[in-house]
Structure formats: C-alpha cells, structure tokens
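One structure is given here, and the rest of the page talks about it.
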Amino acid sequence: MRPGSKPFLRLTKPPLFLLALAPLCWALAGAFGVLGVDLGADAVETLLNHLGIWSLRFLLLTLAITPLRRLTGQGWLLAYRRMLGLFAFFYLVLHASVYLFLDRALDFGLVLEDLTERPFITLGALALLLLLPLAVTSTRVWMRRLGKRWQALHRLVYPAAILGVWHFYWQVKLDTVEATVYAVILALLLAARVPPWLAKRRRLSLHVGRP
Ligand code: HEM
C-alpha cells in the first residue's frame, strides 16, 4: 500500500486517533481511581499539568508537520495536521476546564484575580483565545469560505505556541529545564520556517520587479 494513498490514510488515521486519546484515558483512569493510575496528593494539579503538557505536545507535533514534509518530501503528512491541531485544542479545553471547574470551582472572582495577578494564567488565556478561531475554522467549509485569508488566520498558531511555552515557563518558576526543552523545540520549528518564507518573498519581489 503506497504511503499517503487514500487506503493508507484510511488505515492509519483511526489508530492514530485512538493513540491521541491515550492521555485522556490516563486522566479518566486516574479520576476514577482505576487501572492503577494514581494522581497523587493533589489530583487537580496533576490533571492540570498532564492536560496542559499534552496540549503543548500536540501543538508542537502540529507545527512539526510542515518542516517534516519539506525535509522528507512526503506531502501526505499534511493529512494528519488538522487532527493533531484539533487534539491540541481538545486537550487545551480540558486543561482550561479542569482549571475553571475543579481548581477554581467556577469562582469567577478568583479567575479574574488570576487573570490580573498571575501573569502565567493571562498568557495561557491569551493563547487559548488565539487558538479558538483556528479550531472553529479548521473545517474544509471554512477553508473554502476564507480562501487566502484562511492561511493568514492560521498563522496565529505561532504566537499561540509562543504564549503556551511562555505560560509553561512562567508557571514552573524554579525547575525550568522541561519548559526550556519545549522552548528550544518551538524555536527550531519556527526557525525551520524562515528559509522557505525568505525564498517565497524573494520570488515574489522578483516577480513584482518583472514587467
Ligand atoms: C485559559 C487558559 C489556561 C489556563 C487557565 C491555564 C492554567 C494553568 C494552571 C493553573 C497551571 C498550573 C498548574 C499547577 O499549579 O501546577 C497550568 C500549567 C500548564 N499549562 Fe496551562 N493554562 C491555560 C492555557 C494553556 C495553554 C494554551 C497551554 C499550552 C498550549 C498550557 C500548557 C500548560 C503547561 C504545559 C503547564 C505545566 C505543566 C507542568 O508543569 O508539567 N496552558 N496551566
């Protein structure tokens, strides 16, 4: 079966989808105290961190697709990008929901206090706001409806990812090793986009220069 062919994608997407649900299954097993999953003394904090880290991991996986496609010349890798992006948003919504419902018990006074006095929460909320329109417009209908503007809109993923890593970095305060690793990965994924972007600009400027 040829990689990237319709049967290949039909065969590979469902198991990948199930694999991407594994962090959720772990969280649910921990919440219900089954399968030996222990969320530790502070279950809410463990869930917050677990869902937050998986949201970030899926976001970086989504951003890795384009450089990987360029590196390997395998265009079909793009077929997985929407699914990965939506899983990043899915885990982010779960992350923010654990914060809102379990950590802050819907006390909006406390949430407002967090948003104004805990900068890492403000950064997280900004990142969520930037990712929301991307999740809403991730369908083919929106892609057609927005045309060229769709690509421009989806460049918001870059500042959202930067805010997400920054949120993580400011949240951990002391042991910043893990957050630094994610920051370096993000920097490499963004840097990988610069040469093609410069080449495209050069081509455009040459094109504009021609009679
Ligand atoms: C409204 C939006 C958000 C809220 C309210 C929020 C809230 C939180 C809170 C309260 C923590 C700290 C948990 C603790 O006490 O240890 C946390 C950690 C974290 N959040 Fe968020 N967050 C938001 C958005 C995001 C976004 C957009 C990302 C990434 C894409 C993200 C990724 C993380 C990560 C990676 C951690 C740390 C995990 C760890 O320490 O292992 N969060 N978040």
Tell me yes or no: at least one residue of the stretch 194-205 is in contact with a helix residue (DSSP H, G or I) (Cβ under 8 Å, 6 or more places away or on another chain) and among the hydroxyl-bearing types (S, T, Y). no
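So which residues in the stretch 61-78 are small (G, A, S) and at pLDDT 95 or above? Walk me through how you get there before you give the answer.
Kept after step one, since they are small (G, A, S), are these residues of the stretch 61-78: 64, 73, 75.
Across the stretch 61-78, the qualifying residue is only A64.
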Cβ-Cβ below 7 Å, separation at least six or inter-chain, first residue in the stretch 174-200 and assigned to a helix (DSSP H, G or I), second open to solvent by 50 Å² or more (accessible area, probe 1.4 Å) and among the aromatic types (F, W, Y): which pairs? A179/Y169; A183/Y169; L190/Y158
Pairs returned, first residue in the stretch 78-95 that is farther than 14 Å from L134 by Cβ and free of Cβ contacts under 8 Å to residues at least 24 places away in the same chain, second residue that is part of a helix (DSSP H, G or I) and open to solvent by 60 Å² or more (accessible area, probe 1.4 Å), beta-carbon separation under 8 angstrom, 6 or more apart or interchain, are L78/R69
Being under 15 Å from the mean Cα position of the chain (by Cα), within 11 Å of the ligand (Cβ to nearest atom) and in a helix (DSSP H, G or I) is true for just one of L61, L94, L47. Which residue is that? L94
Residue count, the stretch 97-110 (criterion: touching a Leu at 6+ places or on another chain (Cβ under 7 Å), surrounded by fewer than 19 Cβ atoms within 10 Å (Cβ to Cβ) and either under 10 Å from L51 (Cβ atoms) or without any contact (Cβ under 8 Å) to a residue 40 or more places away in the chain (or both)): 3
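When the stretch 158-202 is examined, which residues are found to be of a type in the set (V, I, T) and modelled with pLDDT under 90?
If we filter the stretch 158-202 for residues that are of a type in the set (V, I, T), which is where we start, we get 162, 165, 172, 176-177, 180-181, 184-185, 194.
Listed by number, the residues that qualify are V172, T176.
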Every residue in the stretch 157-211 that is over 16 Å from L61 (Cα atoms), more than 10 Å from the ligand (Cβ to nearest atom) and of a type in the set (A, V, I, L, M), please. L174, V177, V194, L198, A199, L204, L206, V208
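Is one or more of the residues making up the stretch 32-39 surrounded by fewer than 17 Cβ atoms within 10 Å (Cβ to Cβ) and assigned to a helix (DSSP H, G or I)? It would help to see each step written out before you state the result.
Taking the stretch 32-39 first, the residues surrounded by fewer than 17 Cβ atoms within 10 Å (Cβ to Cβ) are 32-38.
Next cut, assigned to a helix (DSSP H, G or I) only: none.
No.
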Scanning for something aromatic (F, W, Y), in a helix (DSSP H, G or I), more than 16 Å from the ligand (Cβ to nearest atom) and open to solvent by 30 Å² or more (accessible area, probe 1.4 Å), does the stretch 66-88 turn up at least one residue? yes
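The values are calculated or read from the model by the stated rules, or taken from the named source; none is laboratory data. Just so it is clear, the structure is predicted and the values come from calculations on it, not from any experiment. Every residue, glycine among them, receives a Cβ derived from its backbone with ideal geometry; neighbour counts consider all protein chains shown. All accessible areas refer to the heavy atoms of the entire protein, side chains included, with ligands and DNA or RNA removed. Shrake-Rupley method; radii C 1.70, N 1.55, O 1.52, S 1.80 Å.
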